[in-house]
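Take a look at the structure below.
The values are calculated or read from the model by the stated rules, or taken from the named source; none is laboratory data. Values in this document were obtained by computation on a predicted structure and should not be read as measured data. For neighbour counting, all protein chains shown are included, and Cβ atoms are generated from backbone atoms with ideal geometry for every residue, glycine included.
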Protein chains: 2
Amino acid sequence: VSPSASDEPARLLDAARAGERRALARLLSVLERGGAEARAVAAACTGAPAPYVVGITGAPGAGKSTLTDRLIGHARGGWPAEGPEGAQAIDQLAVLAVDPSSPLSGGAILGDRVRMASHATDPSVYIRSLAARGHLGGLSLAVPDALRLLGAVGMPLVLVETVGVGQMEVEVASAADTTVVVLTPGWGDAMQAAKAGLLEVADLFVLNKADRLGVAEARRDLEAMVALSAPGSWHPPVLEAVALEDRGVDQLFEAVGRHRRHLVESGELAVRRRSRLAAQLRRILLAAVTQQVDAQVAGERFEHLVDAVLAGSLDPYGAVDQLLS
Amino acid sequence: VSPSASDEPARLLDAARAGERRALARLLSVLERGGAEARAVAAACTGAPAPYVVGITGAPGAGKSTLTDRLIGHARGGWPAEGPEGAQAIDQLAVLAVDPSSPLSGGAILGDRVRMASHATDPSVYIRSLAARGHLGGLSLAVPDALRLLGAVGMPLVLVETVGVGQMEVEVASAADTTVVVLTPGWGDAMQAAKAGLLEVADLFVLNKADRLGVAEARRDLEAMVALSAPGSWHPPVLEAVALEDRGVDQLFEAVGRHRRHLVESGELAVRRRSRLAAQLRRILLAAVTQQVDAQVAGERFEHLVDAVLAGSLDPYGAVDQLLS
């Protein structure tokens, strides 16, 4: 007998847990498409442990992909000894490259994956781009789904790299436990980050390409702007790096470890994850009711009500009341 | 006996129809706030004739307010003789200045109102800024409500000027019968307009400050980009003006009249207004169900479901299914 459709996600999940990368890739493709199949995958991941998620965002050209590539190497050495549970191995990890501006993830991401090629032969590193190919609710739903799946297959750490600095990029990157904002010493970069709302979501700043002119000015601008933001129990540090030469990336991973320890010890990790989950449930609810609204809008009754308002026998709100009743 | 609350909108509407500007201002304030009172005003406007709406948008500093001010003067002369009903008087008109970026409309708009002061003493011209002070659904609902009200008090023409070039500005401006996009000869202005999605919504382009260098280049860039857009039955013309000296504004109003005639004669005016109304009803529906979702999210049951997902006994979609059932 052939396995039923509902057995398929569980079977693929078992294979992915056993290390079959093609099974994991198929499951992620299902999540990208959304729909009933994606829900079945999400259900199969119920109760799985959450991975630690590091979001990496910043202006295009800041060198996020190179930095992510180098970060993989340092992360493979495990969490630093001063971590919440002492030194801790990271036996495998995943990188999700997310491009919200492209529903079909074009050349840029493919190029990024090639740039991360130094880990292409490492079986404990899984690199994959993610797009919202029809997932209702888009990447704001597909990314949390993918993170749950990666936790379910046993990944203790996921790096989420976003391309671009739009609202969606900020939303995706800030749905991480630690959000790293990558900037370059270029004039106005810090200001651009502020405009994009990156200052509010950053847990760590990295001035990449720090061998260029203007690092001191950029650091000064950035620290002044950070000081203006509301003070919290965590003060986002400004680090320097030259990712291309792997300089400063070990300190970056140490800083990620320090932030993780801060979140665990302060209890903020649990608070953040709870509010992120609540926001995700709200988005799923909104996507569901939006689908219901669009089904109504496509119906004949809706057309009749539009006609009634045009004919002057109803006002718009009265028409909607009739649809809702 | 004092009049009941439900009589109030009808009473104010009668007063506004009789020319009482303070009654009209109060009604518009009610619409800005939204809620049950705004619905009562909308209901009182049922069956009112729609005004002809001209949207004016474009980059900050392009001179939109001055152009709008001059346009008022030319519009007071009536629709041109080659219009759909021949020469036609415009006995009164309204200007709505809309700033979506500011929920409370700050200094910029106030400044604009002062700049339109050449018509401040003309009782047949009503100038007013509009903000969404709490209206659920924001300006995308408050503006159509205001336009219906202005039609109901007998305005045959409304100019809607937006400040800024964000997505909301484009949405508000393109909810007009004729959308005028104002640019200056400055380098890159046309490209910026393209990025903001203004090319798709423009019925007319105006190169304002056309006494500056670079008009020919700007016109060439713009016409090339317009030519690349999908061809329709109306080809958006590129006009030149120096609003400050009232040069070219008479031709602009003539072009608005030609576009109006085109819309009426082709039947497109009715098609556009129907699809705009349908979009408005959809937005009202979405605002209503979003309110329902947020009521659920604020409830105890929602918190319990978040806990259940965190405890690993439910997946997010399963939790939402329980909320929806």
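Remarks
- The conditions of being within 14 Å of another protein chain (Cβ to nearest Cβ) and either surrounded by fewer than 17 Cβ atoms within 10 Å (Cβ to Cβ) or over 25 Å from residue B:17 (Cβ atoms) (or both) are not met by residue B:80.
- So residue A:319, is it assigned to a helix (DSSP H, G or I) and surrounded by fewer than 20 Cβ atoms within 10 Å (Cβ to Cβ): no
- Boolean, residue A:322 is within 11 Å of chain B (Cβ to nearest Cβ) and touching a residue at least 60 places away in the same chain (Cβ under 8 Å): no
- The single condition among (1) under 16 Å from residue A:94 (Cβ atoms); (2) within 14 Å of another protein chain (Cβ to nearest Cβ); (3) crowded, with 17+ Cβ neighbours inside 10 Å that residue A:34 does not meet is (1).
- Considering segment A:264-293, the residues that are charged (D, E, K, R) and more than 19 Å from residue A:141 (Cα to Cα) include one that is farthest from the other protein chains (Cβ to nearest Cβ), namely A:265.
- Selection count where residues are assigned to a helix (DSSP H, G or I) and more than 7 Å from chain B (Cβ to nearest Cβ), scope segment A:306-316: 2
- Scanning segment A:226-275 for residues that are part of a helix (DSSP H, G or I), crowded, with 18+ Cβ neighbours inside 10 Å and over 22 Å from the mean Cα position of the chain (by Cα) yields a single hit, A:226.
- Test: residue in segment A:240-253 that is touching a strand residue (DSSP E or B) at 6+ places or on another chain (Cβ under 6 Å) and in contact (Cβ under 8 Å) with a residue 60 or more places away in the chain: yes
- Residue selected from segment B:37-61 under the condition of a type in the set (A, V, I, L, M) and away from chain A (no Cβ under 14 Å), by the criterion farthest from residue B:209 (Cα to Cα): B:53
- Residue A:31 modelled with pLDDT of 95 or more, within 13 Å of residue A:150 (Cα to Cα) and not charged (D, E, K, R): no
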